[in-house]
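Quick notes on the structure that follows.
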Number of protein chains: 2
Amino acid sequence: MDRVPLEQKVLSENDRLAAALRARFAERRVLCLNLISSPGAGKTSLLEKTLERLDPGERVAVLTGDIQTDNDARRLARFGFPVRQITTGGTCHLDARMIERSLTGWRPDAFDLLFIENVGNLVCPTSYDLGEAAKVVVLSVTEGEDKPLKYPGIFHRSSLMVLNKIDLLPYVPFDPDAAEANARRVHPGLEALRVSTLTGEGFDGWLAWLRAQRERHAQAATAPLAG
Amino acid sequence: MDRVPLEQKVLSENDRLAAALRARFAERRVLCLNLISSPGAGKTSLLEKTLERLDPGERVAVLTGDIQTDNDARRLARFGFPVRQITTGGTCHLDARMIERSLTGWRPDAFDLLFIENVGNLVCPTSYDLGEAAKVVVLSVTEGEDKPLKYPGIFHRSSLMVLNKIDLLPYVPFDPDAAEANARRVHPGLEALRVSTLTGEGFDGWLAWLRAQRERHAQAATAPLAG
């Protein structure tokens with residue numbers, strides 16, 4: 001028995017489910033973003049600050065993944081938007097079937113923006129399509145500017161790199177320009193933003209990026225119906 | 001075809017190879033430590049500062065794992081101790097076969113302390129025994145004190161938690177006592193040390209821990225021969 005064909009079978013089954021999710025999101029005009037990072041880079045904090053600044057009337061939902069605990073869902077639920085925890089129980093990534101199951105029972109019109117916070121892991125989540133419109137990689141300035149070269153997969157597949165914890169730049173040996181240059185060696189068209197989820201610095205840029213994605217996605221979703 | 005039996009087969013094959021490595025290390029009185037952390041928590045920096053402070057006459061070697069690049073081997077080689085890079089090319093962890101292959105050609109008496117720096121990943125490396133005497137988990141204070149609860153596997157299986165980047169404690173919302181308490185909820189007997197690989201703070205404790213492990217290991221290795 002060889003491992004590679006089985007991994008390919010698992011991934012191709014995942015791709016099939018992800019394609020069905022993507023079609024469902026398109027039909028319902030939902031923008032789905034898959035947030036990926038190392039443990040502790042600030043995915044949950046980014047979402048907290050984002051939900052805090054969104055209008056309570058916005059139709060936004062969050063699925064948040066972890067190996068154990070529902071800490072993140074509890075942190076995120078206090079902003080009033082629908083949040084569900086996916087506890088993988090040991091699995092190092094989310095997969096499309098977990099997303100499909102977690103969406104059960106949510107009204108089709110409950111949200112038009114869905115954040116998926118993946119398990120903290122820069123490697124494995126990269127290979128599992130969740131039907132998202134875009135992957136967003138969060139890198140913190142404490143991790144070192146070489147990380148895009150050492151973990152190229154996720155930087156290659158992401159649409160945006162959010163460089164977080166810029167409030168710590170005075171205290172760590174980290175060159176944000178070098179980090180962005182390294183990321184663009186892996187992925188020349190990668191967009192990049194700098195934020196601090198602690199101080200809120202840079203959030204106007206992040207919220208503007210989100211708005212632009214939502215508008216673009218709504219137009220793209222409308223186009224085939226009009227054509 | 002089911003995935004679980006295959007994963008078990010892969011893991012049990014790895015366990016067999018790891019047991020052979022462990023026997024080989026015991027025979028040659030080599031203390032092998034497997035360092036595991038998130039990307040950017042400071043494994044390489046910990047090793048840099050350690051090699052810098054060791055006597056050049058000590059018989060110490062390093063195997064360092066990454067998905068891509070040989071940056072770490074180059075960083076570590078400048079201290080004069082033998083260092084080899086293992087580039088996994090996408091695999092999210094080191095396994096016993098990679099270690100066995102990387103040891104080829106090294107003289108049996110080349111070292112009595114072998115550091116293995118795993119791929120940056122708090123999840124997958126946990127399941128792969130490399131024949132080490134102990135796993136050491138490195139957690140940085142920028143990652144949040146909840147990480148032992150969210151990634152319990154590695155904290156459960158490690159002998160020591162090195163809490164790194166304590167120089168950043170004034171600037172981050174992190175309670176080191178809570179982090180240690182969380183780690184001990186998962187693993188009551190876990191030893192813990194606090195260091196800064198940037199300033200060198202806490203390194204006396206880390207070097208003392210290393211010395212104690214080496215002495216204990218040398219005695220344990222000697223005992224059966226004397227028995």
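What follows is calculated from the coordinates using simple rules that are stated; it is not laboratory data. Just so you know, these numbers come straight off a predicted model, no measurement behind them. Cβ: placed from backbone, ideal geometry, glycine included. Neighbour counts: every protein chain shown.
Loop-located GluC sites (Glu not before Pro) in region B:47-134 (DSSP state not H, G, I, E or B) with no more than 16 neighbouring Cβ atoms inside 10 Å: B:Glu58.
For chain B, taking a cut-off of 4.7 Å between Cβ atoms, the unpaired cysteines are B:Cys32.
Report summary: the helix-based calculation at 222 nm, which adds -39500 (n - 2.57) for every DSSP H run with n ≥ 4 and divides by the residues of chain B, gives -13000 deg cm²/dmol. Of B:Phe115, B:Phe25, the sequence from fewest to most neighbouring Cβ atoms within 10 angstrom is B:Phe25, B:Phe115.
Mean per-residue shielding of peptide A:111-123 is 3, counting Cβ atoms of other chains within 10 Å of each Cβ. Overall, the anisotropy analysis places chain B in the rounded class: the square-rooted eigenvalues a ≥ b ≥ c of its C-alpha gyration tensor yield a/c less than 1.5.
Its relative contact order, with pairs defined as Cα atoms under 8 Å and 6+ residues apart, puts region B:3-214 at 24 percent.
Using Cα-only point scatterers and the Debye equation, what is log10 of I(q)/I(0) for the protein assembly as shown at each q in 0.06, 0.08, 0.09, 0.12 Å⁻¹, rounded to two decimals? Calculated log10 I(q)/I(0) at the listed q: -0.27, -0.47, -0.60, -1.04. Once you reduce region A:1-40 and region B:190-207 to the center of their Cα atoms, the two points are 41 Å from each other. Taking the centroid of alpha carbons for each part, region A:44-79 and region B:91-132 are 38 Å apart.
Just round it to a whole percent: the fraction of Cα-Cα distances in region B:96-227 exceeding 20 Å.
Counting every Cα pair in region B:96-227, those more than 20 Å apart make up 54 percent.
For A:Ser140, nonlocal amide neighbours, meaning residues 5 or more places apart or on other chains whose placed amide H falls under 5 Å from its own, are A:Asn164.
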